[in-house]
Amino acid sequence: MKHGINYLENGKYEFNLWAPFPRKVALKIISPEEKIILMEKDKEGFWRTTIDVVTPATKYFYCLNDEKDRPDPASQYQPQGVHGASQVVDHGAFAWSEGNWQGIPLSEMIMYELHVGTFTPDGTFAAIIPRLDELRDIGINTLEFMPVSQFPGERNWGYDGVYPYAVQNSYGGPEELKYLVNECHRRGIAVILDVVYNHLGPEGNYLRDFGPYFTDKYKTPWGDAINFDSAYSREVRNFFIDNAIYWFRHYHVDALRIDAVHAIFDKGDKHFLAELSERVEAFSQKTGRKYYLIAESDLNDSRVVISRESGGYGIDAVWCDDFHHSLHTLLTGENRGYYLDFGKIGHLAKSLKEGFVYSGEYSHFRKKNHGNSSKDITAKQMVVFSQNHDQIGNRMLGERLSALVSFEALKLAAGTVLLSPYIPLLFMGEEYGEDAPFLYFTNHSDPNLIEAVRQGRKKEFGEFKWQGEPPDPQSTETYLKSKIDWEKRKQGNYKILLDFYKHLMRLRKTLPALSNLDKRNLFAETIERQRILFIIRRKDASQIMMALNFNYFDVACMPPLSEGVWNKAIDSSEQIWSGPGSVLASELVSGSEITMRGRSIALYIRKSQVSILKS
């Protein structure tokens with residue numbers, strides 16, 4: 001890597017620091033023995049030196065102009081936190097035992113997003129490992145970790161990270177993360193890491209002391225924008241692109257989820273995201289294994305995933321917020337904030353057929369036309385969900401869907417996501433209806449910053465007109481309330497919902513009409529007044545029909561069935577799923593009228609495919 005430390009051989013390490021403005025830089029080793037080594041600067045603004053016999057216990061700062069001791073911007077470990085010394089990491093020392101792991105195709109992933117600190121009582125990488133087998137056995141094959149780059153304190157969502165290359169010390173550090181990834185791969189589970197390339201957090205952010213990493217041309221909601229298109233931007237871009245390759249090379253992660261790409265501002269000839277995807281593709285070709293990039297964007301801009309050859313950025317997939325908003329408003333009836341633009345069955349039908357609901361139409365929330373068409377985006381390029389960390393945690397009280405809707409509605413939400421033509425994502429605990437909130441929490445040390453965060457959160461909630469005082473982000477209690485209770489899944493309706501999710505995942509993986517991610521072979525019919533949605537999906541001879549009732553009451557309706565016999569595969573209203581009892585026939589033919597229970601979902605399979613489920 002151009003940025004950070006490279007191991008050479010025989011205990012030798014090359015230290016590289018991009019700092020074009022300081023007139024003098026020294027490497028200041030503080031342990032195991034104190035030593036100061038002057039560095040030499042090249043014409044590109046890199047300071048370098050090579051040191052003999054460096055060990056992983058070596059801790060160091062960079063001394064700038066004989067005035068400031070600063071941690072390495074590309075530090076790979078901060079054992080004493082964001083203000084402490086950086087520590088050398090020997091990436092060659094870990095004994096990988098993942099075998100010939102080649103990853104999982106994006107189209108086959110069932111993603112499970114989790115926050116390391118609140119997923120277990122211990123809140124560490126190592127504590128996740130005993131739960132991997134159960135996640136795998138219910139059908140999860142991909143874990144997505146919220147950011148693990150070093151942030152201030154011991155608790156944080158991770159989006160306040162200030163060392164993109166360093167693994168959070170309170171989670172267990174570099175060695176434990178590698179061990180976790182290794183154990184995931186041994187079980188056939190892929191790993192996605194959430195990375196933040198649009199801003200850095202406020203506390204411990206010393207990048208300005210080294211060079212022009214930021215620009216005042218643009219602003220993000222969370223701080224100064226990264227300098228991707230102004231003077232000196234070449235090495236800023238390389239700093240973050242090298243970071244992506246770093247996670248693939250040294251931690252063997254399978255994909256990166258790039259946070260809020262709408263806040264990555266770049267008006268240069270080649271957008272940062274396009275260059276990033278180009279470099280990752282080259283790395284994939286070099287290593288013979290496909291590594292993926294997944295973007296979060298609220299722009300509804302298809303360019304994010306359109307190929308570079310066609311003028312896009314070439315990112316592999318994008319989160320589809322419109323799918324979530326369409327589903328959430330139908331389930332909850334909420335119509336404030338960005339939910340103002342949703343609430344019709346037709347919105348969900350369009351999202352199932354195309355992806356983006358707003359593809360150039362007028363948005364009342366934004367008070368302008370919004371988005372462009374996603375018709376040409378393939379289904380395997382979209383990630384959908386009924387819940388995620390943002391949609392839960394950015395509510396004032398952090399309520400999960402389980403706290404907002406009935407048990408019947410939870411099953412309806414599960415079926416809508418898992419039987420969709422897109423890549424499904426679950427948020428930790430969703431699979432059994434966890435009802436603990438997921439709140440926003442921090443552990444800053446600056447009193448002024450702590451108060452600014454408190455006031456900022458209150459302001460954010462204004463557009464939703466939520467009443468009352470939000471939980472204090474700085475409070476330890478806020479953090480502890482957000483931990484999930486894994487044992488709930490063994491009892492009552494929690495266990496029933498878990499079994500329902502398992503059955504849905506089995507259907508998704510078994511039936512070609514469901515496992516084939518293809519919008520072109522999807523037909524949707526709506527009955528808006530009765531809040532009914534029918535979905536037909538097919539793959540060759542495999543055909544399924546889904547009936548979804550978003551009404552609170554039973555509704556009689558006529559599904560659009562083709563000729564043949566259709567057998568019921570699942571009905572959320574059945575008593576086995578703790579429902580009110582099904583009134584649906586086990587077999588249907590074209591022209592059959594059915595009665596759907598309120599807030600229910602049913603799946604029928606054309607008869608020729610029933611044998612697949614029995615095999």
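Please work out if Gly579 is touching a Ser or Thr at 6+ places or on another chain (Cβ under 9 Å), surrounded by fewer than 19 Cβ atoms within 10 Å (Cβ to Cβ), small (Gly, Ala, Ser) and modelled with pLDDT of 95 or more. Here the answer is no, as Gly579 does not meet what is asked. Does Pro20 satisfy the criteria of being closer than 30 Å to Arg186 by Cβ, touching a Gly at 6+ places or on another chain (Cβ under 8 Å), at pLDDT 95 or above and surrounded by fewer than 21 Cβ atoms within 10 Å (Cβ to Cβ)? Here the answer is no, as Pro20 does not meet what is asked.
Is it the case that the stretch 46-57 has a residue that's farther than 18 Å from Tyr7 by Cα and modelled with pLDDT of 95 or more?
Of the stretch 46-57, the ones farther than 18 Å from Tyr7 by Cα are none.
No, the stretch 46-57 contains no residue that is farther than 18 Å from Tyr7 by Cα and modelled with pLDDT of 95 or more.
Does Lys68 satisfy the condition of being open to solvent by 20 Å² or more (accessible area, probe 1.4 Å), of a type outside the set (S, T, N, Q), at pLDDT below 95 and within 21 Å of Val236 (Cβ to Cβ)? Judged against the criteria, Lys68 is not a match.
For Asp69, the requirement of being charged (D, E, K, R) and more than 22 Å from the chain's Cα centre (by Cα) is met. Pairing residues of the stretch 64-80 that are among the aromatic types (Phe, Trp, Tyr) with residues that are in a loop (DSSP other than H, G, I, E, B) and open to solvent by 10 Å² or more (accessible area, probe 1.4 Å), at Cβ distances under 6 Å and at least 6 apart in sequence or on separate chains, gives Tyr77/Val89. Among the residues of the stretch 509-551, those that are in a loop (DSSP other than H, G, I, E, B) and open to solvent by 10 Å² or more (accessible area, probe 1.4 Å) comprise Asn516, Leu517, Asp518, Lys519, Arg520, Asn521, Arg531, Asp540, Ala541, Asn551. Quick one: count up the residues across the stretch 268-321 that are crowded, with 20+ Cβ neighbours inside 10 Å, aromatic (Phe, Trp, Tyr) and in a helix (DSSP H, G or I). Selection size over the stretch 268-321: 1.
Specify the residue that is nearest to His328 (Cα to Cα); the eligible residues are those in the stretch 552-563 that are open to solvent by less than 30 Å² (accessible area, probe 1.4 Å) and part of a loop (DSSP other than H, G, I, E, B). Steps first, please.
Residues of the stretch 552-563 that are open to solvent by less than 30 Å² (accessible area, probe 1.4 Å), as a first pass: 555, 557, 559, 561.
Going one step further and asking which of them are part of a loop (DSSP other than H, G, I, E, B), we end up with 559, 561.
Values: Pro559: 24, Leu561: 28 Å.
So, considering only residues that are open to solvent by less than 30 Å² (accessible area, probe 1.4 Å) and part of a loop (DSSP other than H, G, I, E, B), the one nearest to His328 (Cα to Cα) is Pro559.
Apart from one condition, Trp222 fits all of (1) closer than 21 Å to Gly311 by Cβ; (2) in contact with a His (Cβ under 7 Å, 6 or more places away or on another chain); the exception is (1).
Residue check: is Met428 within 19 Å of the chain's Cα centre (by Cα), over 25 Å from Leu522 (Cα atoms) and either surrounded by fewer than 15 Cβ atoms within 10 Å (Cβ to Cβ) or modelled with pLDDT of 95 or more (or both)? First the steps, then the outcome.
Values: within 19 Å of the chain's Cα centre (by Cα): yes; over 25 Å from Leu522 (Cα atoms): yes; either surrounded by fewer than 15 Cβ atoms within 10 Å (Cβ to Cβ) or modelled with pLDDT of 95 or more (or both): yes.
When the stated conditions are applied, Met428 passes them.
Within the stretch 91-127, if we keep just the residues that are among the acidic types (Asp, Glu) and part of a loop (DSSP other than H, G, I, E, B), the residue that is nearest to Gly139 (Cα to Cα) turns out to be Glu98.
Pairs linking a residue in the stretch 85-110 that is within 20 Å of Glu176 (Cβ to Cβ) to a residue that is among the small types (Gly, Ala, Ser), with Cβ atoms under 6 Å and 6 or more positions apart or on different chains, are Ser86/Ser75.
The values are calculated or read from the model by the stated rules, or taken from the named source; none is laboratory data. On a predicted model such as this, the values are computed, not experimentally measured, just so you know. With ideal geometry, Cβ positions are generated from the backbone for all residues, glycine too; neighbour counts draw on all protein chains shown. When the accessible area is computed, the model is the full protein with side chains, heavy atoms only, and any ligands, DNA or RNA have been set aside. Shrake-Rupley method; radii C 1.70, N 1.55, O 1.52, S 1.80 Å.
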